[in-house]
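This report concerns only the one structure given below.
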Protein chains: 2
Amino acid sequence: MQSLSSSCSRSGLSVKSSLIEADGGALVDLVVPESKRGLKISEAEALPKVKLTKIDLEWVHVVSEGWASPLKGFMRENEYLQSLHFNCLRMGDGTLVNMSLPIVLAIDDEVKERIGGSGSVALVGPDGDLVAILSSIEIYKHNKEERIARTWGTTAPGLPYVEEVITPAGNWLIGGDLEVLKPIKYNDGLDHYRLSPQQLRKEFDRRQADAVFAFQLRNPVHNGHALLMNDTRRRLLEMGYKNPILLLHPLGGFTKADDVPLDVRMEQHSKVLEDGILDPETTIVAIFPSPMHYAGPTEVQWHAKARINAGANFYIVGRDPAGMGHPTEKRDLYDPDHGKKVLSMAPGLEKLNILPFRVAAYDTVAKKMAFFDPSRAKDFLFISGTKMRTYARTGENPPDGFMCPGGWDVLVKYYESLQAEDSTLKQTVPA
Amino acid sequence: MQSLSSSCSRSGLSVKSSLIEADGGALVDLVVPESKRGLKISEAEALPKVKLTKIDLEWVHVVSEGWASPLKGFMRENEYLQSLHFNCLRMGDGTLVNMSLPIVLAIDDEVKERIGGSGSVALVGPDGDLVAILSSIEIYKHNKEERIARTWGTTAPGLPYVEEVITPAGNWLIGGDLEVLKPIKYNDGLDHYRLSPQQLRKEFDRRQADAVFAFQLRNPVHNGHALLMNDTRRRLLEMGYKNPILLLHPLGGFTKADDVPLDVRMEQHSKVLEDGILDPETTIVAIFPSPMHYAGPTEVQWHAKARINAGANFYIVGRDPAGMGHPTEKRDLYDPDHGKKVLSMAPGLEKLNILPFRVAAYDTVAKKMAFFDPSRAKDFLFISGTKMRTYARTGENPPDGFMCPGGWDVLVKYYESLQAEDSTLKQTVPA
């Protein structure tokens, strides 16, 4: 092992353990077994109802499958306060588990009154179907301003999750233990990508992975990303791992309006594997069902923690993870290095092996994406997400070797369809 | 010990240890020994200078005496980020110590440029005297918005510490190891009250205290406070302690303009002891040199942690500790119960015994301050700080038994002096 650890230090990695167990051991699984479903449905029918939004339902999905394990439901006030102030929860045995985002369910005055003294409620999906039971409930105040300030480090208007979820929400939070009546499905043709942490762990076992490295993304994969993932695999092999498996794990919940939608991204990711840019033999593509907060250093902890629960032991983190532009000022909302730094110091994530990104850019001499070489900086072209979207929207081709042609076509078609919609809209709406 | 622990449970206290050691063992003491002073002064004279504000100097005082132990100076970025995101710092051995407020020193562009590549700077007091050396410095960005949002849970204008300290401060923070050239003194006739954590520990030893219970305050002591402190002593005796000592520990640094000034409060506290409301034999009155943030649940952790460093093992916490009204809305800035809850769950404060307040109010039947009895709520009068100040300002006497007459006189005279100043001002300033 000596040679392994020296090779590890050479490549800038510090290996802390083999596969990490989920926080607190066994994963939480909150789906009611089929044998008890009928009984539980009757129980739910008799309870006061709480209607879920689309994004509430995404959280029910996340919690029910154990991504937030050991969390067993929506946070009660003690959990909420610990999450908000400490980004971690203290367990009964005194250990801390990371929990950086408040996972909460909001209700308004009218629903609170309707619940009255009931100890449980039934959760009803946006389509009116009974979804879950929340029991041993606790209702407490939803101080939106404080929640926003402590989660995002700003209260400036224009934060996508705040505008979509928090501002329209009620002034109360309801916590309790969750039991989901049946597995959450979306019936959008992508459910087979939605592997639970338990299913992912089984798949890693089946493939006999001795290292799992996770890549969180909400954007199309270009060859710079691929270079980085392939290089990580190379480094893990160099460190002595025999079968490192990549978990390519696009986020599937709420994203902001100008991000590329999930179905388009999944099609693009497929092309990247078809074109051999990533190796299908050593890659698992699955959807991470969480909604996106765009909360930078606070959210990157959640992204990493959830992947540990799914069996990953290496996490790739880049510049400004989960970040975005400041909604009202001309600057990044977060210092681009804070995500990596905060993640590396976060309580409850001590065992995670963090793989910092090396910056990739388009090498105009080699005509491909390559690790940036500061000694010949002028040869490199940085193509931002905005720039990439502009290329695709205007039909202009990016430089050769930026993205595999199959993947690029998917994006171009998506933007063409947007423009078609747009012009249809313009023709039907009077000026 | 069995009977002790059952008595403890009966009185609602959970006793976790005898006198608690400061975080990380020995207290830091950052005052240069006299033998090296000359040498260090010469060293400081040759360094780039950073001018301190009055409040910066209060922090130098706080850090130099070990109140923030194991912190050895102003925070570098790693400490700042941990404080901001986790309210605690990870030590080399993996343990967490509580550190809820960023203890930082701001500089502006011009000073940063002047420091250039120097590894150390000299800190210069508001009066121009050399105060300290900061070495192995690190300069990093001061994102004021993020600091404010994560510390206060709001960015609303009107937060006293923000307006006084942060808004006018520079856009950089400078961290490093602190060496203070000589003990910080204020020469205001109150320095003998400014006992360091080391001096307090010696005093507790000298008095053979087997329990020290700390009471943080920034207001005059009324008989409700006294009732509570005396009752705590009674409960500690009941629990089996033989010599519980009260640390009456008014905050001596920056406070907001409408709080009663330190000298007036110290005189008032003296009267309370002279009048026998608190027992001088079992009470130590000393000044806690920290500035006040009014940051509620975040700040109460700092208030408790600093007192642990000074040797306290019981901390009395009441309604809305370190709280204030929301600066722009008609409500408390913090949920009045959050301070107590957050304190009880804070990482690094596991060993602290928290003594929750019982609410005291003026009993109009017994004509004294008493614990509120909800079964005869109408007999009780709640006298807020604002109400108390209104009484004192208008010369109206509060109900008999609200405060000892000697203490009340001090307040009345203070408010008379304010009015006298006010009317002098009105006579000299043309209308």
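What is the fewest-to-most order of B:329, A:65, B:299, A:58 by other Cβ atoms lying within 10 Å of their Cβ? Display every interim value, and only then the final one.
Values: B:329 11, A:65 28, B:299 24, A:58 20.
In order of increasing Cβ crowding within 10 Å: B:329, A:58, B:299, A:65.
Round to the nearest 10 and give me the degree value, 0 to 90, for the angle of helix B:77-86's Cα axis relative to the longest principal axis of chain B.
Here the helix axis deviates by roughly 30 degrees.
Which listed residue (A:420, A:268, A:192) has the Cα farthest towards the positive end of the charge dipole for chain A, taking +1 on Lys and Arg C-beta and -1 on Asp and Glu C-beta about the Cα centre?
Towards the positive end, the residue furthest out is A:268.
Residue B:33 label points, 7 Å along Cα→Cβ, one per copy: pairwise distances from this copy to the rest in nm, shortest first?
Once sorted, the set of distances for residue B:33 reads 7.0 nm.
I need the shape label for the stretch A:289-431. Rule: rounded when a/c is under 1.5, else prolate if a/b > b/c, else oblate, with a, b, c from the alpha carbon gyration tensor. Let's see the in-between values first.
Values: a/c = 2.02, a/b = 1.37, b/c = 1.48.
Here the stretch A:289-431 falls in the oblate category.
Please compute the Kirkwood hydrodynamic radius over chain B, one decimal place, Å, based on all pairs of different Cα atoms. Let's see the in-between values first.
Details: mean 1/r = 0.0435 Å⁻¹.
By the Kirkwood definition, the hydrodynamic radius is 23.0 Å.
Using a label point 7 Å beyond Cα on the Cα-Cβ vector, give me the inter-copy distances for residue B:182 in nanometres, one decimal, shortest first.
8.2
So if I average 1/r over every pair of distinct C-alpha atoms in the stretch B:171-305 and take the inverse, what Kirkwood radius in Å does that give?
Working: mean 1/r = 0.0607 Å⁻¹.
For the stretch B:171-305, the Kirkwood estimate is 16.5 Å.
Which value in deg cm²/dmol, rounded to the nearest 500, describes the helix-derived mean residue ellipticity at 222 nm for the protein assembly as shown, given -39,500 (n - 2.57) per DSSP H run of n ≥ 4 and division by the residue count? Intermediate values should be presented prior to the final figure.
On the way: 26 runs with 306 residues, N = 862.
Theoretical 222 nm ellipticity from helices: -11000 deg cm²/dmol.
Give the long-range amide H neighbours of residue B:31: residues separated by 5 or more places, or on another chain, with amide H under 5 Å away, using H modelled in the peptide plane at 1.01 Å from N.
Distant-sequence amide H within range of residue B:31: B:180.
May I ask for the net charge around residue A:133, where only other residues with Cβ less than 14 Å from the Cβ of residue A:133 are counted and Lys, Arg are +1 while Asp, Glu are -1?
Computed value for this residue: +1.
Taking only Cα atoms, what is the 0 to 90° angle, nearest 10, from helix B:34-45's long axis to the longest principal axis of chain B?
Long axis of B:34-45 versus the principal axis of chain B: about 60 degrees.
How large is the charge dipole for the stretch B:156-221, taken about the Cα centre, if only the Cβ atoms of Lys, Arg (+1) and Asp, Glu (-1) carry charge, to the nearest 20 debye? Don't skip to the end; give the middle numbers.
Details: 8 positive and 9 negative charges, 59 e Å.
In debye, rounded to 20, the stretch B:156-221 gives about 280.
Over the stretch A:285-379, what is the relative contact order in whole percent, taking alpha-carbon pairs under 8 Å and six or more residues apart? Intermediate results must be reported in sequence, preceding the final value.
Numbers: 113 pairs, mean separation 23.8, N = 95.
Result for the stretch A:285-379 is 25 percent.
Tell me, what is the Rg over Rh of the stretch A:32-178, with Rh the Kirkwood radius over Cα pairs?
Values: Rg = 15.4 Å, Rh = 16.0 Å.
Rg divided by Rh gives 0.96.
Can you list, shortest first and in nm, the gaps between the label point of residue B:377 and those of its counterparts in the other copies, using a point 7 Å from Cα in the C-beta direction?
Distances between equivalent label points, in nm: 6.8.
For a test of the definition: using alpha carbon positions, the gyration tensor, and the 1.5 limit on a/c, classify the stretch B:236-309 as rounded, prolate or oblate. Write out the running numbers ahead of the final one.
On the way: a/c = 2.72, a/b = 1.28, b/c = 2.13.
Oblate is the answer for the stretch B:236-309, as a/c is 1.5 or above yet b/c matches or exceeds a/b.
Rounded, prolate or oblate: pick one for the stretch B:202-276, where a ≥ b ≥ c are the square roots of the eigenvalues of its C-alpha gyration tensor, a/c under 1.5 means rounded, and failing that, prolate if a/b is larger than b/c, else oblate. Mind dumping the intermediate values first?
Working: a/c = 2.28, a/b = 1.82, b/c = 1.26.
Taking the square roots of the gyration eigenvalues as a ≥ b ≥ c, the stretch B:202-276 is prolate.
Among B:86, B:382, B:314, which comes first, second and so on when ranked by fewest other beta-carbon atoms within 10 Å? It would help to have the intermediate numbers written out before the result.
Numbers: B:86 28, B:382 11, B:314 25.
Ordered by Cβ neighbours within 10 Å, fewest first: B:382, B:314, B:86.
What order do you get for A:151, A:255, B:95 when you list them from fewest to most C-beta neighbours inside 10 Å?
Numbers: A:151 26, A:255 20, B:95 13.
Fewest-to-most ranking of A:151, A:255, B:95: B:95, A:255, A:151.
Using alpha carbon centroids, what distance separates the stretch A:203-265 and the stretch A:339-362, in Å?
15
Within the set of other residues whose C-beta is less than 11 Å from the C-beta of residue B:318, count the net charge using Lys and Arg as +1 and Asp and Glu as -1.
Details: positive: B:319, B:340, B:358; negative: B:320, B:337.
Local net charge: +1.
Within 11 Å, Cβ to Cβ, of residue A:123, how many net charges do the neighbouring residues add up to if Lys/Arg are +1 and Asp/Glu are -1?
Working: positive: A:49, A:51; negative: A:56, A:129, A:179.
Net local charge, residue A:123 excluded: -1.
Tell me, in nm to one decimal, what length is gained between residue A:382 and residue A:45 on full extension, where the rule is 0.36 nm per residue of separation less the Cα-Cα distance? Spell out each step's value before the answer.
Values: separation 337, 0.36 × 337 = 121.32 nm, distance 5.59 nm.
Here the segment from residue A:382 to residue A:45 would lengthen by 115.7 nm.
For residue B:330 and residue B:199 in the same chain, what is the full-extension length gain: residue separation times 0.36 nm, less their Cα-Cα distance, in nm?
Working: separation 131, 0.36 × 131 = 47.16 nm, distance 4.27 nm.
So the chain would gain 42.9 nm between residue B:330 and residue B:199.
Just to confirm the number: angle between the C-alpha axis of helix A:54-64 and the first principal axis of chain A, 0 to 90 degrees, nearest 10?
With rounding to tens, the tilt is 90 degrees.
Mind checking the full-extension length gain between residue A:418 and residue A:365? Use 0.36 nm per residue of separation minus the Cα-Cα distance, one decimal, nm.
Working: separation 53, 0.36 × 53 = 19.08 nm, distance 3.42 nm.
Going from the current span to full extension adds 15.7 nm.
Over chain B, what is the mean sequence separation of C-alpha contacts under 8 Å (at least six apart), divided by residue count, expressed as relative contact order in percent?
On the way: 768 pairs, mean separation 79.0, N = 431.
Here the relative contact order equals 18 percent.
If amide H atoms are built 1.01 Å from N in the plane of the peptide, which residues on other chains or at least 5 residues away come under 5 Å of the amide H of residue B:332?
Residues meeting the amide H criterion: B:326.
What spacing in nm lies between the two simple spin-label points modelled at residue A:396 and residue A:258, each 7 Å away from Cα in the Cβ direction?
Taking the simple label geometry, residue A:396 and residue A:258 are separated by 1.6 nm.
Please list, short to long, the whole-number percent of alpha-carbon pairs of the protein assembly as shown in consecutive 20 angstrom bins beginning at zero.
13, 41, 34, 12, 1
Which cross-chain or sequence-distant (5 or more) residues have an amide H under 5 Å from the amide H of residue B:212, H modelled 1.01 Å from N in plane?
Correct list: B:245, B:313, B:314.
In peptide B:337-347, how many Cβ atoms from other protein chains are near each Cβ within 10 Å, on average?
Average per residue, whole number: 4.
Run the simple label-point estimate for residue A:95 and residue B:375 please: 7 Å along Cα→C-beta, distance reported in nm.
Going from the residue A:95 label point to the residue B:375 one covers 4.8 nm.
Rule-based calculations on the coordinates, nothing more; no lab input. The shown structure was predicted, so the numbers you read here are calculated from the model rather than taken from an experiment. Here Cβ is always computed from backbone atoms with ideal geometry, including for glycine, and neighbour counts include all displayed protein chains.
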